[in-house]
């Protein structure tokens, strides 16, 4: 029984040594001597043509209820931020790039602002 265990342990250790020896980097001569790996063709990446932006429809603000307008502006803002990897400087930049057709007027005494931390549009006092 002991000789059997010694045999199994010896084979296991020698197997691990052989596996470990094969895990090193191949020498440049080994790679050059193998024609299958020596002439791997390179593929040039293709440029993806830009897709036209479909503007988000911004509903007109209803008196005392601007939630739908804020949601639509936030949707357009997040779409812009995702595709441009950053927030716009102002709402006119979103309009000129086609993310919104126009920004409706804010309720009286308020204005739309970009909350950069939450990536959303909020109403602030003027």
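The values are calculated or read from the model by the stated rules, or taken from the named source; none is laboratory data. None of these values were measured; they are calculated from a predicted model. Glycine gets a Cβ as well: all are built from the backbone with ideal geometry, and neighbour counts include every protein chain shown.
What to note about this one:
- Per-region count, the range 99-126, residues outside any loop (DSSP other than H, G, I, E, B) and within 16 Å of residue 66 (Cα to Cα): 11
- Set side by side, the residues 49, 59 differ, and just one is in contact with a helix residue (DSSP H, G or I) (Cβ under 9 Å, 6 or more places away or on another chain), assigned to a loop (DSSP other than H, G, I, E, B) and at pLDDT below 75, which is 59.
- Residue in the range 10-17 that is over 21 Å from the mean Cα position of the chain (by Cα) and either in a loop (DSSP other than H, G, I, E, B) or at pLDDT 70 or above (or both) present: no
- Across the range 112-126, the qualifying residues are those that are in contact (Cβ under 8 Å) with a residue 40 or more places away in the chain and loosely packed, with under 15 Cβ neighbours inside 10 Å, and the one among them that is nearest to residue 76 (Cα to Cα) is 119.
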